[in-house]
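These notes concern the structure reproduced below.
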Amino acid sequence: MNIDILLGLQWGDEGKGKIVDAISPHYDIIARFQGGPNAGHSLKIDNVRHVLHLIPSGIFHPDKTNIIGNGVVIDPAVFKQEIETLGPPVSELSKRLIISSRANLILPTHRILDAAYENQKGYVKIGSTLKGIGPAYTDKAGRNGLRAGEILQGNFRQLYEMHIKRHLAILTNYNFNFDLREYESGWFEGIEMLKNFPIINTEYLVNDLISKGKRLLAEGAQGTMLDVDFGSYPFVTSSNTISAGACTGLGISPKKVGDIIGIFKAYCTRVGSGPFPTELKDETGNRMRATGHEFGSTTGRPRRCGWLDIPALKYAIMVNGVTRLFMTKADVLSGFDTIKVCTSYKVDGSECLEQPFRNDTVVEPVYIEMPGWKENISGIKDYQKLPAALKNYVDFVERQTNLPVAMVSVGPDRNETIFRQN
Ligand code: GDP
Ligand code: IMO
Ligand code: MG
């Protein structure tokens, strides 16, 4: 099989960007299939940190084709900023990056609508990144979207004005102040930037390359527990973050998918509102946040931290059909005397085997406690040289999930990655 999918099994920020970059040499094409600039994928290469929002994490490999698929929502202003901070000139990047004509655009008013809707929600705010994701996907599903392919048409400005007019009419219902011009100039500069890149029906390209034996890695954004169907709705994002989303978001058949790589942190984090059974609002949680630098790559917000949640992990494995697990941030747990893992939930005193449908269900995590390890593990290259207590932790996860943990990440750098099998 020539298509693999790598996606997050928790609430996002599992380290997808770092790992996609690290395994890109095994692939010819790296493609984003959903989400938009709500994503923040950090890479560390030669001590320089890069944060990608829209552009696939294979972009730093000059010989790879990167695709922004039809399932992604693109904010042209963010796209331009990102292109300008990457390093290589546009003439070079335009040989590495292709955009689907069917990807929907995030309009300046989508961002304003996002803020207006969130503002109206009062105490039940989603904690959106306010990048316009919800309103852009709403327009896509409502058949009111403006797509990247329209940029190349003569009536683009006219179409734009029509959509803005419709959005401004909706905004009159909200008591919300905004300045459209503040966003508009950057947005149109972004449109000009997009014109430097091929905007094509990428589904043909992808299927053609696959039939010629090329290998594709589909890069997920957000995480399974933020999926619009299977996450803790409404505290979710607006796309299907699960493996099925890669098929609709790129135009590929599920029959052609090989490995589904599920990536998870050795603990859990969540940014924004919503249920988080193992959340630690204490010194332990603060320590994870400080050691793991758990602050949002997109918004800078502190991430909520907690112990690994096996029932949520098993759920994510089930809805994605994960074939291999990758574990990141093992180094962040170094130094704890003991480490807890949630193995089941209790609701009203009884064991609960499912992810509760209702967000107000009081879920009590049931933990087992394991010995921790003290060593600094970031320099270790060989799995066998990791502390016995960490290998015991990995074995435990494998037994619980019935899947191999094929990679353990021990630091943010591209090279701080230990592969156990290929
Ligand atoms: P993504 O959204 O899934 O790509 O993840 P983010 O980039 O938002 O967040 C992951 C953060 O952890 C980034 O700052 C990464 O540089 C960092 N990171 C990734 N893997 C590791 C790891 O194994 N150890 C440590 N300490 N940091 C890591
Ligand atoms: P990456 O790809 C973590 C969260 C937001 C909010 C909810 C809805 O970096 O893992 P949205 O902006 O989509 O309306 O926000 O989803 N969220 C993320 N959390 N990582 C992300 O992406 C996220 N993208 C959205 O914090 O709770
Ligand atoms: Mg992130």
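The values are calculated or read from the model by the stated rules, or taken from the named source; none is laboratory data. Worth saying up front: this structure is predicted, and the values here are computed from it rather than measured. Because the Cβ atoms are built from the backbone with ideal geometry, glycine has one as well, and the counts that use them run over all protein chains shown. Surface accessibility is based on the protein's heavy atoms, side chains included, excluding ligands, DNA and RNA. Shrake-Rupley method; radii C 1.70, N 1.55, O 1.52, S 1.80 Å.
Most simply put, the chain has about 40% antiparallel DSSP beta bridges, counting only bridges with both residues inside it. By the rule of a C-alpha distance below 23 Å, with chain neighbours fewer than 8 residues away ignored, the lysines paired with LYS80 are LYS16, LYS18, LYS44, LYS64, LYS95, LYS131, LYS140, LYS195.
Mean residue ellipticity at 222 nm, helices only, the chain: -9000 deg cm²/dmol; runs of at least 4 DSSP H residues each add -39,500 (n - 2.57), and the sum is divided by the number of residues. Placing a pseudo-label 7 Å from each Cα along the Cα-to-Cβ vector at VAL90 and ARG181 gives an inter-label distance of 2.5 nm. Modelled spin labels at ASP282 and ASP360, positioned 7 Å past Cα toward Cβ, are 2.8 nm from each other. Full extension of the segment from PHE188 to THR248, taken as 0.36 nm per residue of separation minus the current Cα-Cα distance, would add 18.8 nm.
Taking the longest Cα principal axis of the chain as reference, the axis of helix 156-171 is set at about 60 degrees. Zone of GLN120 (label point 7 Å along Cα→Cβ, backbone N under 11 Å): which residues in the range 161-203? Taking a point 7 Å out along Cα→Cβ of GLN120, the residues of the range 161-203 whose backbone N falls under 11 Å are 170-176. One Cα centroid belongs to the range 149-184, the other to the range 204-245; the line between them spans 28 Å. Ranking of HIS26, HIS41 by solvent-accessible surface, largest first: HIS26, HIS41 (1.4 Å probe, protein heavy atoms only, all chains present).
The angle separating the long axis of helix 108-120 from the principal Cα axis of greatest extent in the chain is about 50 degrees. Excluding same-chain neighbours fewer than eight residues apart, the aspartates and glutamates reachable from LYS214 by a Cα-Cα span under 18 Å are ASP4, ASP21, ASP28, ASP63, GLU203, ASP259. Give the angle, between 0 and 90 degrees and rounded to the nearest 10, that separates the Cα long axis of helix 202-211 from the longest principal axis of the Cα atoms of the chain. Roughly 50 degrees, rounded to the nearest 10.
The residues of the range 91-221 expose on average 50 square angstrom of accessible surface per residue, using a 1.4 Å probe on protein heavy atoms.
The range 383-422 and the range 76-116 have Cα centres lying 35 Å from one another. Taking packing as the residue-averaged number of other Cβ atoms within 10 angstrom, the listed peptides 255-266, 240-251 run from highest to lowest as 240-251, 255-266. Can you work out the PRE-style zone for ASN415? Point 7 Å along Cα to Cβ, and I want the residues of the range 363-380 with backbone N under 15 Å. Correct set: 378-380. Take 97-109, 275-287 and order them by the average number of nearby Cβ atoms within 10 Å per residue, most first; the result is 97-109, 275-287. Put a dot 7 Å past the Cα of TYR174, heading toward its Cβ, do the same for ALA290, and the two dots end up 3.8 nm apart. Provide the FRET efficiency to the nearest 0.05 for the GLU369-HIS61 pair, computing r from the beta carbons and using R0 = 45 Å. The formula returns an efficiency of 0.60 here.
Across the chain, Cα pairs under 8 Å and at least six residues apart give a relative contact order of 21 percent. Think of the range 216-375 as having a plus end and a minus end, set by charges on the Cβ of Lys, Arg, Asp and Glu; of TYR267, PHE295, PRO356, PHE295 sits farthest toward the positive end of this dipole. Taking trypsin sites (Lys or Arg not before Pro) across the range 185-233, the ones in a DSSP loop with at most 14 further Cβ atoms lying within 10 angstrom of their Cβ are LYS195, LYS212. For LYS340, the lysines whose Cα falls under 22 Å of its own Cα, not counting residues fewer than eight places away in the same chain, are LYS265, LYS281, LYS314, LYS329, LYS374, LYS391.
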